[in-house]
Amino acid sequence: MKARQCKHNSRNMKRSGDSEGEKRRKRRRLLQELGEKKIPFLGPSDRGFQQLWDSSYSGLVLRKSCSLPAELHSRVQAALLTLRKKGCLLKDLVRVRDRDVFTAVSRALLGEPGHTYRYLDTRLFAIPWHSEDAEVKGQNCCDPDLRDACKALWELNTFLCSDVSQLKEGDQFSQCMKAEGEAKLVEEGETESKHSDDSKNSEGGDSESRQSEEGDTESKHSEEWDIESKHSEEGCSGSKQEAGWETEEGESSQVKPSESSFAGVSEHSEGKCPGWTTEAFTGTKPEPVGLEAQEKPVAQLKHSLSDYHIQDKDELAGGLGCSQPSPPQVCTGPVKFNVTLLNYMDPAQMSHLKEEPYYGMGKMAVGWHHDENLITHSPVAVYNYSCHDDKGECSEGSSVEKSCWRIGLKVAWDIHTPGLMLPLESGDCYYMRDDLNSTHQHCVLAGETARFSSTHRVAECSKGTLTYIQSRCQEALSNLHTDPETGSHSLMTLQPTALQHCEEIHNEVEFEWLRQYWFQGQRYARFCSWWTRPMEQLEKDWKLMETMTMLFLATVEEEGQAEEGRREMAETLLSALTDRHQQRQTWRDRCHSSLAQTLPPEEAPVDRPFWGVDDPGMPLPFDLADIISRVESLLWRM
C-alpha cells in the first residue's frame, strides 16, 4: 500500500514539476520577446477599439448604470454601506508561495446557505442571503439591518442571474449606451494606441517585476505585491502561479515609494448615459498598432494556449484536499450565481499602488488574474459602486476623471494582442461570459474614490458546502459501532481501503473545515451566527474520528494478526498520521505567525482543534508524534 502510494505521489510531483518548469520557460520566452517595450492597449476613444472588443474580448459585456432599476441601485448601495459600517468587510490572511499575506481589499462572502468559497488556501464561509428560503427564514442569526442588507444583495443577484441569462450573442453594451458609444467612436476619428511612460525609472520597475517572475527577486516581489482575489473565488486553489503573466485571484497593488508612477486620466461626456472617451495616458506614445495585430483571432490564441490551460485544470483537479478528484462541472442552462464576493478598497488609505507593468494602464487596485474555482464556462457578474466616503456620496457624474475606476483585460500568455481598458461609472455592471475568464486575465485599475464591488459567480461547490462535508462525516462514522448499553466503540470493518478512506475524511474535516473556520471563518460569528451550530457538530464528529484513529492504532498494535494484513494497515495508518502531523504543524505556524499576531483579538486565528492531548473525553492521551514513532517502530520490526 505504502509503495503504491509513494509511486502515485511521485508521479504527481513529477507532473507538477514539469508543469511549473514549462510555465517558467514560457514566461521567459515571452519576456525575452517583449524586451523593454510596453504592449499597446485600446480604450473607447481609440480607433479599432470596438473591432478589438468584438474579435478578442467578445465575452465581455458592459451594463450601464442607467439601465438598472433606480430602486435596486438605492437598496444595493445602502446595503454595501451598512456592511461597511458594521465592520463586516475584513482583510483575508491568505497563503502565497508558502507565506501568509494580507489581501489589499477588505471583503466578505454572501451566498446560498451553507456555501463556502476557497481561494489561496483560505476558505470563506458565506453569510446567507436571507431571502425567503425556508432554510434561513425564521432563524435569528443576525440583526435586522444586516438581514435587510443581505436580502438586498440577494435581489441584485436575482436580477443579474436573469439579465445574464437573457443576453444574446454579440451583446456588449446596454441599449442606452451602444448608439452613443458608436457615434462617439466615429467622431473621435483615428487615434493611436495608448502607451505608458517609457522613462528610465519605469523601465527599472518593470525590469524588477520580470526578474521576480523568473525567481531572481521573488521574495522582494512577494512583499511588494500583496494578494487580492484567485480565483477565487471557491473550493480549492490550484497551483500557485507566479505574478504577472499568471496570477491567482489577483495580486495587489502596493509598491515601495521609490518606484515611479503615473496615473491614467479619462474624460466622460456630459449626460445621463454618456459615451466614453479617454484621454491619452501621460508619456511617450508607441508606434500605431497595425490592424492585423488588432484583428488577431481569439480562436487562434485559444488554440496556441490550450496545452497550458489543460495543464492548469489538471492541477486544479488534483488540489481538492483529501477527496478524490471528480470531472469538472460545465455550466449549462439558466445562470444561477450561488455566491457573491464583496470587495471594498479606498485608494486614499493605500500608501502606494503598483503600476500596471506590461501595458502602462495606470495604478492597479487588483493585479492580473483569473477568477478561480468556478464552474467551467460559467459567467461572472460584477456590480461597481464608487463613493467618496462612508456616507455614500457617489462619484457618478464627477468631472474629475481620476475618480473613475477601470478594468483592464488581456489575452492570457499573449503579448501581441492589444489589451482592452474599460472605464466604469458608479452603478455600472460588467459581465464575463463563456470562456473569457479562463482564456483571458483581468485587472482592476484604481480611481481616486473608495469603491465597492459585488462579484457574483457560480462557485464550484461540489466539495464546498455544509451538506457535502456532513455527508462525508456520515461516510466515515458508518464504520464506527457504538454499543447501546456500555457506550464503548469498535470498528465495523478492518479492510485497509475502508480505513484509509475514513482517515482521508478525518483529515478533510480537520484541515479543510475546522481549522479553516477557526483560522478566519469564526471572525464573522459576531455578525451572523448561522455557522456556529454546524461547526460545533463538525467538531463532535471530528472527535469521534479521533476515537476511530485510536481504535485503528490498537488494531495495528495487536499481536496475533496475519503479518501481511497487519503491515498494510500499519502503512495506511502511518501515511495518514504523517500527513496529519505535517498539516497540523503548518496550521500552528500560520496561527502564530507575525502577521496573525497583528490582528485584533476578535479577528485573530485560533489554534484549534487541539483536543487530542488534553481533552478528558479522549480514550487515550493523543500525542501524534509519539503515535507515529510507535507505528514506525512496529513496521521496522516486521
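The values are calculated or read from the model by the stated rules, or taken from the named source; none is laboratory data. Because the structure is a prediction, the values reported are computed rather than measured. Please note: Cβ atoms are built from the backbone with ideal geometry, for glycine as well, and neighbour counts cover all protein chains shown. Keep in mind that these areas ignore ligands, DNA and RNA; they rest on the heavy atoms of the full protein, side chains included. Shrake-Rupley method; radii C 1.70, N 1.55, O 1.52, S 1.80 Å.
Can you confirm whether residue 138 is on the phi > 0 side of the Ramachandran plot and at pLDDT below 85?
yes
For every residue, the table says whether it meets (1) farther than 18 Å from residue 380 by Cα; (2) out of contact with any Leu (no Cβ under 8 Å at 6 or more places or on another chain); (3) surrounded by fewer than 19 Cβ atoms within 10 Å (Cβ to Cβ).
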| site | (1), (2), (3) |
| --- | --- |
| 59 | no, no, no |
| 67 | yes, yes, yes |
| 71 | yes, yes, yes |
| 80 | yes, no, no |
| 85 | yes, yes, yes |
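Filtering the range 585-638 down to residues that are open to solvent by 20 Å² or more (accessible area, probe 1.4 Å), among the charged types (D, E, K, R) and in contact with a helix residue (DSSP H, G or I) (Cβ under 8 Å, 6 or more places away or on another chain), which residue is modelled with the lowest pLDDT?
Ranking the qualifying residues of the range 585-638, first place goes to 615.
As an exercise: evaluate residue 176 against (1) within 18 Å of residue 73 (Cα to Cα); (2) at pLDDT 95 or above; (3) of a type outside the set (Val, Ile, Thr) and give the number of the one condition it does not meet.
Of everything listed in (1) within 18 Å of residue 73 (Cα to Cα); (2) at pLDDT 95 or above; (3) of a type outside the set (Val, Ile, Thr), residue 176 misses just condition (2).
Do you know which residues across the range 21-38 are open to solvent by 40 Å² or more (accessible area, probe 1.4 Å) and either part of a helix (DSSP H, G or I) or not acidic (Asp, Glu) (or both)?
If the condition is that a residue be open to solvent by 40 Å² or more (accessible area, probe 1.4 Å) and either part of a helix (DSSP H, G or I) or not acidic (Asp, Glu) (or both), then 22, 24, 25, 28, 29, 32, 33, 37 are the ones that fit.
Are any of the residues in the range 463-480 in contact with a strand residue (DSSP E or B) (Cβ under 7 Å, 6 or more places away or on another chain), open to solvent by 10 Å² or more (accessible area, probe 1.4 Å) and in a strand (DSSP E or B)?
yes
Scan the range 358-386 residue by residue and report those that are over 15 Å from residue 442 (Cβ atoms) and either in a strand (DSSP E or B) or open to solvent by less than 10 Å² (accessible area, probe 1.4 Å) (or both).
Across the range 358-386, the qualifying residues are 360, 363, 376, 378, 383, 385, 386.
Mind counting the residues in the range 125-135 that are open to solvent by 10 Å² or more (accessible area, probe 1.4 Å) and at pLDDT 95 or above?
Adding up the residues that qualify gives 1.
Grab the strands (runs of 3 or more DSSP E) fully contained in the range 39-120, keeping just those with 3 or more residues being within 15 Å of residue 152 (Cβ to Cβ).
By residue number, 99-111.
Those residues that are under 24 Å from the mean Cα position of the chain (by Cα) and of a type in the set (Asp, Glu), I need them from the range 457-477; list them, please.
If the condition is that a residue be under 24 Å from the mean Cα position of the chain (by Cα) and of a type in the set (Asp, Glu), then 460 is the only one that fits.
In the range 440-454, how many residues are surrounded by fewer than 22 Cβ atoms within 10 Å (Cβ to Cβ) and of a type in the set (S, T, N, Q)?
0
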